[in-house]
1. Of the residues B:GLU38, B:GLU101, which single one is over 22 Å from A:ARG88 (Cα atoms) and either out of contact with any Pro (no Cβ under 6 Å at 6 or more places or on another chain) or of a type in the set (S, T, N, Q) (or both)?
2. Only one of (1) within 30 Å of A:GLY222 (Cα to Cα); (2) within 14 Å of chain B (Cβ to nearest Cβ); (3) of a type in the set (D, E, K, R) is not met by A:ASP123, so which one is it?
3. Scan the range A:1-34 residue by residue and report those that are modelled with pLDDT of 90 or more, surrounded by fewer than 16 Cβ atoms within 10 Å (Cβ to Cβ) and β-branched (Val, Ile, Thr).
4. Which condition from (1) surrounded by 15 or more Cβ atoms within 10 Å (Cβ to Cβ); (2) of a type in the set (Lys, Arg); (3) at pLDDT below 95 is the one that B:ARG170 breaks?
5. For the range A:66-77, which residues satisfy the criterion of being in contact (Cβ under 8 Å) with a residue 40 or more places away in the chain and either within 17 Å of B:THR8 (Cβ to Cβ) or near DNA strand C (Cβ under 10 Å from one of its atoms) (or both)?
6. Does the range A:25-46 hold any residues that are more than 22 Å from A:TYR162 (Cβ to Cβ) and of a type in the set (A, V, I, L, M, F, W, C), and which are they?
7. Quick check on my filter: what residues within the range A:39-48 are more than 9 Å from chain B (Cβ to nearest Cβ) and within 18 Å of B:PRO49 (Cβ to Cβ)?
8. Going through the range A:99-113 one residue at a time, which ones are surrounded by fewer than 22 Cβ atoms within 10 Å (Cβ to Cβ) and either within 14 Å of another protein chain (Cβ to nearest Cβ) or among the β-branched types (Val, Ile, Thr) (or both)?
Protein chains: 2
Amino acid sequence: MSEATIQTYTRADEAFDCLQTAIVKGELIPGEKIGEVELCSRFNLTRGPLREALGRLESRGLLVRRPHAGVKVVSVSASELMELYRIREVMEGLAARQAAERMTDQEITDLKATLDTHERMIDEAQGQAYYQAEGDYDFHHRIATGSRNTKLAQMLLGDLYYMVRMYRYRLSTSTGRPHRALGEHRRIVEAIAQRDGELAEFLMKRHINAARLNIERKIQEGELTI
Amino acid sequence: MSEATIQTYTRADEAFDCLQTAIVKGELIPGEKIGEVELCSRFNLTRGPLREALGRLESRGLLVRRPHAGVKVVSVSASELMELYRIREVMEGLAARQAAERMTDQEITDLKATLDTHERMIDEAQGQAYYQAEGDYDFHHRIATGSRNTKLAQMLLGDLYYMVRMYRYRLSTSTGRPHRALGEHRRIVEAIAQRDGELAEFLMKRHINAARLNIERKIQEGELTI
DNA sequence: AGCCTGTATATTGTTGACAATACTGTCTTC
DNA sequence: GAAGACAGTATTGTCAACAATATACAGGCT
């Protein structure tokens, strides 16, 4: 049965996916109040499944809801975005450490291969921040999964990354940073390949801290308004 | 208006709270399949709001849902529970550090006062694990809130604690551990009072690690089956 | 003129009925 | 006698109408 893995998708799941990507891609702008009927016609849904999806999104912190008053996309302030990076720092540090202990050799080989792909992507898609961001996302995704820590991966992939990506979509990566980030990625993978969990954790924390400082600097220089 | 803060509660919120506490208190046992209509009659609800609540709970990882097949309470294995503690270790470490930097003097004073209350609780309610657990929860709750990191507090209080409490309800605290835990709490508060974030983080991580080892030992000794 | 109050309206919350799907038991066949 | 297929049933997913509430606007009062 090749179709055994085809899980039946319910309308609520569909609604959830649609809304989540719409929020991440910035089609629904933060702070904007959105009506239920408008969303229904927009995504061809009925209100039942939609409300279920809204509940899930609210629970994940992507929406805020006031009873009888409507829902709106969450708007994260600059300081809150920085706090998000602080959380990522410790959680992904843990993920890197556990990945070093638990990833299979095959997974590590694949991870190295993806880094090569990313390098080509950065060279080819010169300045196209979108693809660079996707590459970065891919890397962190693999580490989170490689940790074999179900809840940790769930929290990173299901919660934090969506919120971070929501902002990464609209801020261009600074020139030079992608190459530096790639170098940092390589060192982290090196540590994982050597099964040095402590080092992998340290390097990952420093990597995310660098990304945070990069954004912080941009905000202070006024290049970026959130 | 003293009633300005009375947020209108919707039936879905009610359903969510009911189910969450029912799961945490063990009234709904893990792995057990539960029907929607049964839940409705049990909590005097209708299926609409209930389904919304189920969606939220699934999104938080307290329930697992298979389309057209029903929902069941998530059953966390022993190793998964240990992973939960690993996550707590890094996240609460961060919370303690930020709390040391940001809590007001008043909050610290209050925190010290609650520790005195906990001490009395432990002495009086000799062996009554329930109250001891509540005191412990209270302490960690205050630290998380004191971090002034909205998302961090949300993830700790809204996600992790419920899963941990779900198991703490059914496992008795070992004799001797409450007093030791209280001592550890005192040292953490001491570090926070001295605004020593680094120390607070270290002590909190060690505290949670000790709790993890305590449970791990019990499981290995067979005193505890999950 | 500004503020408060009351009503109208539009939006959200809720309900119960209907449709689709997975499980269970029985019957048939090997 | 056991295994597979079929149908019935019970449960979940979906829908559209109804009720409740917050916002907005208009009118009156201070």
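The values are calculated or read from the model by the stated rules, or taken from the named source; none is laboratory data. It should be emphasised that the depicted structure is a prediction, and the values quoted were computed from it without experimental measurement. Glycine also receives a Cβ, built like all others from the backbone with ideal geometry; neighbour counts cover every protein chain displayed.
1. Exactly one of B:GLU38, B:GLU101 is over 22 Å from A:ARG88 (Cα atoms) and either out of contact with any Pro (no Cβ under 6 Å at 6 or more places or on another chain) or of a type in the set (S, T, N, Q) (or both), namely B:GLU38.
2. Of (1) within 30 Å of A:GLY222 (Cα to Cα); (2) within 14 Å of chain B (Cβ to nearest Cβ); (3) of a type in the set (D, E, K, R), only one is false for A:ASP123: (2).
3. A:THR21
4. The single condition B:ARG170 does not satisfy is (1).
5. A:LYS72
6. Selection gives A:VAL37, A:CYS40.
7. A:THR46, A:ARG47 - these are the residues of the range A:39-48 that are more than 9 Å from chain B (Cβ to nearest Cβ) and within 18 Å of B:PRO49 (Cβ to Cβ).
8. A:GLU101, A:ARG102, A:THR104, A:ILE108, A:THR109 - these are the residues of the range A:99-113 that are surrounded by fewer than 22 Cβ atoms within 10 Å (Cβ to Cβ) and either within 14 Å of another protein chain (Cβ to nearest Cβ) or among the β-branched types (Val, Ile, Thr) (or both).
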